[in-house]
Amino acid sequence: MPKGDAQNYRKIIHIDMDAFYASVEQRDNPEYRGKPLVVGGLPEGRGGVVATASYEARKFGIRSAMSSKQALQLCPHAIFIRPRFPAYKEASQKIREIFSRYTDLIEPLSLDEAYLDVTSDKLNIGSAIEIAQQIKQAIKDELQLTASAGVSINKFVAKTASDIKKPDGLTFIGPSAIEAFMEKLPVEKFFGVGKVTAQKMKNMGLHTGDDLKKLTEGELTKHFGKVGKFYYQIVRGIDNREVQPNRETKSLAAEDTFPYDLTTLGEMEEELDKIAQTVCKRLQQYELKGRTVTLKIKYSDFKQITRNQSFPTGLNDLETVCATAKKLLVATGIEDKKIRLLGISLSNFNDVVVRGKEEKPTDQLTLFDF
């Protein structure tokens, strides 16, 4: 059990909406209910990727980030629709309003999930479990959507717990149960462990938290770098990260995935003009000037590269951003290249703006950190 006086434990809730985009679509369109629904790119032509899938579609093995073509192969009778981001954002804002009845310490991670610190709640309920139940019920009654919740004393365990009983689940993991829970947790469920790191761990004979626990902090750091220290702590139930209602913006950017591969310099430069306009508009909105311009390129084979140029002073004017991005593009050598995505990012701000984490991407032009 994590050390410390029980009275000093935080009360953290992680709320995660169930198949959010698909659930909103099924709520708004009765003809989709009970059917395998895929929200994202359509499988026709070059295809796209799955943003989310209804639970009926997930039974066939369809998952987020899977190609739409593969999803169609898994379930030929699935219904494919494009996302309606304004509808999802509206629902997300209403969910946020429900959260704010209980606490102002809300850290949205995306449109469909957030951390809440209810150590001191507005209604003096005192019980994080009761608050989570009330929030889930309010979302169901007012929005006709379901959410899953995880409740614990820190962010990592709460987030992991929210995934245990999906959909419409509620899982509490108290201080005395955390270490046993972490010991049984597969390594791929640990924060910061992607497919490559998980495979590396398994090659080392590390399959669960219990296996990780057998290594010293020095050994974990040696094999996995700085994040090894986090693994050492979290497997012992220690996560001191606070719920952060606001965050610093370290970069502002826009990108676009195209419906067909770009093959000529003229096409690429035309798209860069549009993307640069979006970036500069956002920079000027936040009154920001960045000293580093970064170009992001994803080729038709999904290989991705970034190139950047830094300046002695900050800039946010369209002409310079556009010219720099085009210069970086030409320097990569575009002969015989097919490009499916381009993006431009400005970073290294003189004055860092603080914005709410709920500000999320629009349909195709999106905010991202390289």
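All of the numbers you see were taken from the coordinates with simple rules; none came from a lab. Computed from a prediction, not measured in an experiment: that's the story for all the values here. Because the Cβ atoms are built from the backbone with ideal geometry, glycine has one as well, and the counts that use them run over all protein chains shown.
Quick look at the numbers
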item: Student exercise, the chain dipole from Lys, Arg, Asp, Glu Cβ charges, in Debye to nearest 20; result: 840
item: Candidate aspartates and glutamates for bridging to residue 69, where Cα separation is under 16 Å - those fewer than 8 sequence places away on the same chain excluded; result: 44, 301
item: Stretchable slack from residue 274 to residue 77, in nm (0.36 nm times residue separation minus alpha-carbon distance); result: 67.2 nm
item: Formal net charge of residues neighbouring residue 37 (Cβ-Cβ distance under 15 Å; K, R +1; D, E -1); result: +3
item: Residues whose placed amide H lies under 5 Å from that of residue 185, excluding near-sequence neighbours; result: 209, 210
item: Contour minus Cα-Cα distance for residue 305 and residue 188 (0.36 nm per residue); result: 39.5 nm
item: Within region 22-83: Cβ-based charge dipole about Cα centre, in debye rounded to nearest 20 (Lys, Arg +1; Asp, Glu -1); result: 180
item: Helix 85-99 axis, angle to the chain major axis (alpha carbon atoms, nearest 10°); result: 30
item: Net charge contributed by nearby residues that have their C-beta within less than 9 Å of residue 168 (K/R +1, D/E -1); result: +3
item: Rounded, prolate or oblate (a/c below 1.5 giving rounded, otherwise prolate when a/b exceeds b/c) for region 170-214 by Cα gyration tensor; result: oblate
item: Length added when fully stretched, residue 318-residue 28, from 0.36 nm per residue minus Cα-Cα; result: 100.4 nm
item: Cα-derived Rg over Rh, computed across the chain with Rh taken as Kirkwood radius; result: 0.98
item: Those GluC sites (Glu not before Pro) in region 194-258 that DSSP places in a loop and that have at most 14 other beta carbons within 10 Å; result: 242
item: Using θ = phi - 60° and Karplus 6.51 cos²θ - 1.76 cosθ + 1.60, couplings along region 196-213 (whole Hz; Gly, Pro as x); result: 5, 5, 4, 5, 4, 4, 5, 5, 8, x, 9, 10, 9, x, 4, 5, 4, 5
item: Amide H within-cut-off set for residue 109, under 5 Å, with H built and near neighbours excluded; result: 114, 115
item: Loop-located GluC sites (Glu not before Pro) in region 21-67 whose Cβ has at most 14 other Cβ within 10 Å (DSSP); result: 44
item: In Hz, Karplus ³J(HN,Hα) per residue of region 301-312 (6.51, -1.76, 1.60; θ = phi - 60°; x = Gly, Pro); result: 8, 6, 5, 10, 9, 10, 9, 9, 9, 10, 10, x
item: Three-way shape label, region 137-276, alpha-carbon gyration tensor, a/c 1.5; result: oblate
item: Formal net charge of residues neighbouring residue 301 (Cβ-Cβ distance under 11 Å; K, R +1; D, E -1); result: +4
item: For region 248-356: rounded, prolate or oblate by the Cα gyration tensor [a/c cutoff 1.5]; result: prolate
